[in-house]
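The structure appears below as structure tokens.
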Amino acid sequence: MRTTSRERNQQDRRSSAGRSGRQARRAAVAFAAVGALALTGCGGEDKPGDGKATGSASGAPKPPADTLQLPKLDGEKLQVIAVWTGPEGENFKKVLKEFENRTGATVSYVPTQDAMLTYLGSKISGGTPPDVALLQQPGALKQAVEKKWLKPLDTGTQAQLDKNYTKGWKDIAAVNGTQYGVYYKAANKSLVWYNTKAFENAGATEPKTWPDFLKTAETISQSGVTPVSVGGSDGWTLTDWFENIYLSQAGPEKYDQLAQHKIKWTDPSVKDALTTLAQLFGKDNYLVGGAKGAVGTPFPKSVEQTFTGGDTPKGAMVFEGDFVAVNIGQTKAKLGTDAKVFPFPAVGAKSPVVTGGDVAVALKDTRATKALMTFLASTDAAKISAGAGGFISPNKSLDMSAYPNDTLRDIAKALVGAGDDFRFDMSDQAPQSFGGTPGKGEWKTLQDFLRNPKDIAGTQQKLETDAAAAYKN
């Protein structure tokens, strides 16, 4: 689920002012559709996870004739690693099970920690690399290519990629013009989910701007409910807070420059974004458990405490991507009735559109590995994950009816409708040591900032010191 800044062809392509402006406008228009449509007609929606996987994994005697044809791989064994656990991990296992049923191969799934490169390095040095890994950061993909760990895509996988993905999503998974990955899962990371009862009891309405968001928080606080639940013990959530504010306030050109460390973290634009974020983080009564409690709260708990407790939940709102729907599905709250969503409020002229994602890469050049990569690039695999809920695919060929409810369907439409016009999670583009490692770099510094949001200058300097070391410039 999370973030670092990766140098890549797409970033270079986006750097011109004219194109950046067009991209931001088109993405904003596409995402505005979520605000206008996602919450209409949501009553009676299914909970995430109610969707049924299709094909032989779900009981069908054989896949339909128009599905992807896969080779017979009886006796072949593969290992796949990713960070998904809990419901996300179980949903992904449905995809692997379908691959097993259609090929005869055996696939083992191993969930691992966020510091994926460290784990991969230990497996490779021990002579037991996995067949396929799903990385969370474009920067990690680039570093893995530099270490010569990854295999370029084979022709079959490339054909599925060309058929089902826009140039933007292909570019993120390419290094120096060579395609190494398939973005299996995407995330729209510019969403705020809220407890409708808490809003109704407080007389609060969905805010559209940052000042309105703070006013809404105050209204809810006065009603006796803490406004915002923050999962600060998972540092990636804090990078997402910063990135949404920064993109909306500083604009896409500055965002691209900071993502590539072409401007320093001591830049005045960073000061402005941290000052804005401190308007929330600096109000202990706005955060569940105060700053200390927020730093100690894991992301799943931040969602749980927003959608449990009936009329008096611990928190009224929680910010994060579409994958929040999976965690809501673990509570008794009903998506579209008890739990609704609005776009991240505009700090500048427009609401931000920040995306993230998980990219599948191959570490072996076997027939079975190629078949699995091809399957992950197909609509067949995407349909299973979409139907399970809490999942958004960047696969433009996927029929939107695969999603189990209107909320996820409209979020997916907005993402696909934006085409190549989006901004990828900044921390996911960075070297992993800065933007993607627990207890280090941006994650650690923003946790310290949450504890002491008055120290803006010190936060900037620490971020710049760590970024300079990671980018080696």
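Summary of values
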| item | result |
| --- | --- |
| Rel. contact order, % - alpha carbon contacts under 8 angstrom, at least six apart, the chain | 32 percent |
| The stretch 319-348: trypsin sites (Lys or Arg not before Pro) in DSSP coil with no more than 13 other Cβ atoms inside 10 Å | Lys332 |
| Residue-normalised accessible area of the chain, expressed per residue, 1.4 Å probe, Å² | 36 Å² |
| For the chain, calculated [θ]222 nm from helices alone, where every DSSP H run of n ≥ 4 adds -39500 (n - 2.57) | -13500 deg cm²/dmol |
| Percentage relative contact order, the stretch 312-469, counting C-alpha pairs under 8 Å, at least six apart | 16 percent |
| Trypsin sites (Lys or Arg not before Pro) restricted to DSSP loop in the stretch 375-457 with at most 14 other C-beta within 10 Å | Lys454 |
| Positive-end extreme of charge dipole, the chain - chosen from Asn244, Gly441, Ala430 (charges on Cβ) | Ala430 |
| Net lengthening on full extension, Asn285/Gln461 (0.36 nm per residue, minus Cα-Cα) | 60.6 nm |
| Trypsin sites (Lys or Arg not before Pro) restricted to the stretch 141-180 and DSSP loop, no more than 15 other C-beta within 10 Å | Lys147, Lys148 |
| Of (i) 1.02; (ii) 0.95; (iii) 0.97, the label for Rg/Rh (Cα atoms, Kirkwood Rh) derived from the coordinates | (ii) |
| The chain - percent of accessible surface contributed by carbon and sulfur, probe 1.4 Å | 49 percent |
| Förster radius 45 Å - calculated FRET efficiency between Asp311 and Arg367 (Cβ-Cβ, nearest 0.05) | 0.20 |
| Antiparallel bridge percentage (DSSP; both residues within the chain; nearest 5) | 60 percent |
| Mean-position separation - Cα centroids, the stretch 296-367 and the stretch 400-473, in angstrom | 15 Å |
| For Val110, net neighbour charge (Lys/Arg +1, Asp/Glu -1) across residues whose Cβ lies under 12 Å away | +1 |
| Relative contact order for the stretch 171-271, counting Cα pairs under 8 Å that sit 6 or more residues apart, in percent | 13 percent |
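The values are calculated or read from the model by the stated rules, or taken from the named source; none is laboratory data. In this text, all values refer to a predicted model and were calculated from it rather than measured experimentally. In this analysis, Cβ positions are derived from the backbone assuming ideal geometry, glycine residues included, and neighbour counts consider all displayed protein chains. These area figures cover heavy atoms from the full protein model, side chains too; ligands, DNA and RNA do not enter into them. Shrake-Rupley method; radii C 1.70, N 1.55, O 1.52, S 1.80 Å.
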